[in-house]
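Reviewing the structure listed below.
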Amino acid sequence: MPQLQDAFISYGRVDSKDFAVALHQRLSDLGYSVWLDQTDIPFAVNYQTHIDRSIEKVHNLIFILSPHSVNSRYCTEELDQALRYNKRIIPLMHVGQISHDIWQQRHPQGTAADWAEYQAKGLHSASSNIHPSIAKLNRINCRDGLDDPDLYMAQLVQTLEDRKTFVHQHTAYLVQALTWEQNQRQSRYLLTGSSREAAEAWLKQAFEDDPPFCQPTDLHGEFITSSTKHADSRLTQVFLCYDEAGPDQLKPSPQISDAAPRLEPSARISSRVRYYLMRAGFTVWDWHQDLATGDRIQTAIAQGIEGADNVVFLLSAESARSPRCLDELTYALSLNKRVIPILTEDLDADRIPAVLHNVQLLNIRPDQRLALQADTRQLIATLQRDNAYLRIHKLLLVAALKWERQRRNPSVLLRGGELRQAQNWLKAAQTRPRYAPVEIQAQFVSESLTQPATQTLDVFLIADPADLDFTRRLNATLQLQSKSTWFDQSARVDTSDVSAMVDEALENAQNCLVVLSPHCLKNPRCLADLGYAQTLQKRIVAVSDGPMLRSNLPPALVDCPVVNFQDHDGDYSSNFGELYRILESDADHVDRHTRLLVRAIEWDNAGREPSLLLRGLALDQANDWLAQAAGKVPAPNQVQLQYLAASRQLPFRKVRLRYVGLVSAAVTLAVATLRLFGALQPLELAAYDALMRRRPSEPQDPRLLIVAMDEASGDWLREQVKQGRYSPGLGTIPDEALVEVLDTLLAAKPAAIGLDFYRDFAASPALAAQLRQNDTFFGICKATYADTGVNQPPELPSRQVGFNDFTLDANNFVRRHYLKHEADPPTCDTAEAFSLRLARHYLEAQDIPYTDPFDGGSIQDMAFGAVRVPQLWTNGILTSQTGGYTPLQRDAFNGYQTMVNYRTHAGDPSQFAPQITLQQVMTGQFDPALVTGRMVLIGYKDLTDRNADSFNTPLGELTGVEVHGQMISQLVSAALDRRKLLWWWPVWAETLWVGLWALMGGLLSRQIVRAWRLSLAAAAAVTLLVVVSYGTLTIAGGWLPLIPALVAGFGTAGLVEYFSRRVRNP
């Protein structure tokens, strides 16, 4: 751009030369660049032409008022030139008028008559013949000897600085517009990129602010809007429809401003409207201006209508009857264009086209300035209304018609963000009563939607707006070769949505085509797009339509193929063929690179969402491509490599550890709740029984002897009764026989004898005396709490009687040892179980002290010496100690209960202690040593006898006397042999144990991905749990929660596996 100057000084030499020179010097000293003819006209040039060109390039014209300047033809021409360009005029009043003496000095031969004539012509005064445009301006007084030089300089500087930026832009755009005009309006002289955007903003500001000086000229408006139109692929906002007849065919001078009061005769209403719209920033299609040589008129006009947001119809008598205008109007309405009719002269209603009868008409009168008319302002407001909607309507229509005219070429179809925008617009537009979509638009969008979701672009074009002509040709040729392209031909505004749309198109493109030029290599947008393409590892191909040195290329283009369309003597077809071969080379590799990149970017943008990862066949194909991609162009980029790595890791992805902990805690809580309500109790007891049955055999208890009333003994005894040896008893052993048995046993000196059969009736005198005289006899009774009671033997004191009650589980199972409950006098006036009575008697004889749990009014542990007997009891939910039983059944744990630690010998629990039959005792066929010092239990084993009873136990079915024997054995063996009594944890400890196995199950499921390995790990974990539970029960006597731990472990493992599968297969 040529050097611009701040001011041009126009003056009359005779009156103001010295003042002008001094003013020039003072302004120069202040840093202003000022044009003055004394210093700025070179030698050997046409001074008038030079002056005219200089005025074009100055921001302000300082006009020094004096009689000589206002009457000078040259000064007037300078002033007219500045006014033509709407320059800011700054008038300085230097000499108001000259006196007769001064005139006489200048005209020594002049007479009084000459002076009178001089005055009559107003040549002596600066105000008589002043230019009308200056006469309206406020002046700065700079009169010698009258005005303060510092004051008027300050006023001048203030004026020069007022809206300085706006004024400088006015000059800059004018100079560029004149250059464009002088070069036959070639497109390469138009504004591009950010320069165009700045000019558009300036023009809009000027129209809205309506400044008092430096109004944009018609040339300003035409130049800037032509730049916009060129950048927008010659699409416009207004198609101007008017009749061609009459003087309107004469093209008005573009330098005439609508603000100027003078108009050329040819500047009829159509030209005025056109220039007015352009000065308002609207792009206008006018067939006089936009038809190029060689264009088919009808085709060009149709495309002008298609490419316009609005059709402004200038309604006059000529246009109302013009076939061309009516055809244009009909075609615009068929495309659902917004038609704005403007009445330019009075017309009868019957002369107005029928299609416009229901449309509001604007009335613009040609005899007034457009800027002052209300309908003109309404026109601008109408054009601004719905402009965004109508722009999309236009763009979609143009694309749809192009698609149809190219035989529905799929490369023209919409994709990505453009398609989404069109789809949303079409959905909203179908509800609008006016300017609705036409059928071809709906078909175009519908066809675009049928493209595969993975459809990619063939070429993304990067070009500077200065290279639009060549790039448009290249784009059209590629599309004719069925190459889908992205070429941003419109005036691009970098909003977030537009930037995202451009980035998406670049990501979907298989090739990036860069149109090299000095403008492109300096364009920030082009460089940004190129940098992003390089980041994506796109295949970049450079093309050029002019000279080019590789040394001047940016790093991203140094190694890429370059096609110069100046090669082959500039033959376009040959050079395009070379470009096409490059684009077609290694197409499969490039296509798979692009498709994988699109998926990788989608995954990355979605926060690396696992559901978007590859799996199965798609992953195998991607891995094969990567293996073959070594050394090829384009190479995989980091996002693709990370995407593939993540996809490979997908089957092995793990949920976060904290989720494992949360799931473990949740499952543990659920299992604890199930246990609390007894849902797992049957399974826990079944598992407990299974472990008990598999414990190893133990030696027989040497402190016990069971005298069994078996079936043979019963038969023998009945035979003796029949023979009269014994009198019949009350359904039990006859008293005489029992006396013999007791005498025989006493002779062998037993430690105690327990009678495990009811004797709730009076004994014979002999038996009664025997029972009362010996404190080693113990009998049984049954309390009335749960059932009908059975009285204790009347001959035995309460201290030698124990209750025979068992706490039974479902199916008549005896697992618990009922040791104490409240006495039930008089029926069963004892608080201790039969087994506890015998065990106490035996152990106290061994000096083993007994600790009663209920002594002193508070509950404590029952103990024999140092051996504590664990208690099943309920308290709080977490502190209860009930083993596998639910703590909510408080009544089930009345008294003092513990678990029975059954023992087995040679695999038979009934042989845990030596046994002899009652017949053997009565016939003397037994070893007395089996009795000596032992506790002897006498009871029924013949289950056919009504006195016999039997119970299910973890080890199998046992008779009542055997169960009592097991209970006695566990107490005595614990106290004397330190044989383990069964124990269990409180609920809180058991819950922690269950939680541990839940966590273990979760961790195993998280860490092990392969199904067969997980199955092996699960089997190993179950084995470990069973072994630990079994070993603890067998060795230490601990009853650990096996089933809850299994349920928790598998439950957590299952949930973690489920979540892991969700992570791996979202």
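A few points about this structure:
- Annotation: amide H-H contacts under 5 Å for W1039 (H modelled 1.01 Å from N, sequence separation of 5 or more, or interchain): W983, W984.
- Hull-based mean projected area of region 605-651, where the convex hull spans the alpha carbons, in square nanometres: 3.5
- Residue-wise HN-Hα coupling along region 757-770, computed from phi with Karplus coefficients 6.51, -1.76, 1.60 (Hz; x: Gly, Pro): 7, 6, 9, 9, 9, 6, 8, 5, x, 5, 5, 4, 5, 5
- Crossing angle, helix 218-231 versus the chain [Cα axis fit, 0-90 degrees, rounded to tens]: 40
- Summarising the strand pairing of the chain, around 25 percent of its internal DSSP beta bridges are antiparallel.
- FRET efficiency, 1/(1 + (r/R0)^6) with R0 60 Å, evaluated for S585 and N141 via beta carbons: 0.15
- Charges were assigned to the Cβ only: +1 to each Lys and Arg, -1 to each Asp and Glu. The resulting dipole of region 550-645 about its Cα centre is roughly 420 debye.
- Three-way shape label, region 380-421, alpha-carbon gyration tensor, a/c 1.5: oblate
- When the helices of the chain are scored as -39500 (n - 2.57) per DSSP H run of n ≥ 4 and the total is divided over every residue, the value at 222 nm lands at -14500 deg cm²/dmol.
- Over all pairs of different C-alpha atoms in region 708-818, the reciprocal of the mean inverse distance, the Kirkwood hydrodynamic radius, equals 15.6 Å.
- Euclidean distance between Cα centres, region 129-199 to region 1022-1048, Å: 99
- Label-point separation in nm, L996 to Q773, each point 7 Å along Cα→Cβ: 6.1
- For V58, residues with placed amide H under 5 Å, excluding near neighbours: Q5
- Descending by average beta-carbon neighbour count within 10 Å, the peptides 1013-1021, 735-743 line up as 735-743, 1013-1021, the highest first.
- Acute angle (nearest 10 degrees) that the helix 987-1007 long axis makes with the longest principal axis of the chain, alpha-carbon atoms: 50
- Spatial separation of Cα centroids for region 634-706 and region 934-969, in angstrom: 40
- Residue exposure sequence - M899, M153 - by fewest surrounding Cβ within 10 Å: M153, M899
- Nearest 10 degrees, 0 to 90: helix 681-693 Cα axis against the chain principal axis: 50
- For peptides 472-479, 701-708, sequence by mean Cβ density within 10 Å, most packed first: 701-708, 472-479
- Extension gain, A906 back to A120 (0.36 nm per residue minus Cα-Cα distance, nm): 267.3 nm
- Length-normalised contact order for the chain - Cα pairs under 8 Å, 6+ apart - percent: 7
- 19 Å cut-off, amide nitrogen to a point 7 angstrom out along S446 Cα→Cβ, residues in region 325-339: 335-336
- With R₀ set to 25 Å, the beta-carbon distance separating A929 from A712 gives a calculated FRET efficiency near 0.65.
- For region 5-162, the share of DSSP beta bridges that are antiparallel, to the nearest 5, is 5%.
- If both residues of a DSSP beta bridge must be in region 701-977, then about 50% of such bridges are antiparallel.
- Packing here is the average count of other Cβ atoms within 10 Å per residue, and on that basis the peptides 196-205, 914-923, highest first, run 914-923, 196-205.
- Residue (of L521, N552, N575) at the positive-pole extreme of region 456-585, dipole from beta-carbon charges: N552
- Distance between region 211-228 and region 51-89 - C-alpha centres, whole angstrom: 20
- Given (i) 60.4; (ii) 77.7; (iii) 64.2, the label whose value is mean projected area of the Cα convex hull in nm² derived from this model: (ii)
- Where labels lie 7 Å past Cα in the beta-carbon direction, separation of L943 and S28 in nm: 13.6
- If the segment from R13 to S99 were pulled out straight at 0.36 nm per residue, it would be longer than the present Cα-Cα gap by 29.3 nm.
- Partners of K394 within straight-line reach, counting lysines whose Cα lies under 25 Å from its Cα and excluding those fewer than 8 residues away in the same chain: K204, K229, K337, K402, K427, K483.
- Spin-label model distance (nm) - W988 vs R868, 7 Å beyond Cα toward Cβ: 1.6
- Rounded FRET efficiency, nearest 0.05, which uses the C-beta distance separating N894 from R799 and R0 of 30 Å: 0.85
- The trypsin sites (Lys or Arg not before Pro) of region 936-991 that meet both conditions, a loop assignment by DSSP and at most 16 other Cβ atoms within 10 Å of the site Cβ, are R946, R978.
Every read-out reported here was derived from the displayed coordinates using simple, explicitly stated rules and does not represent laboratory data. A quick note: this is a predicted structure, and the numbers were derived from the prediction, not measured. Please note: Cβ atoms are built from the backbone with ideal geometry, for glycine as well, and neighbour counts cover all protein chains shown.
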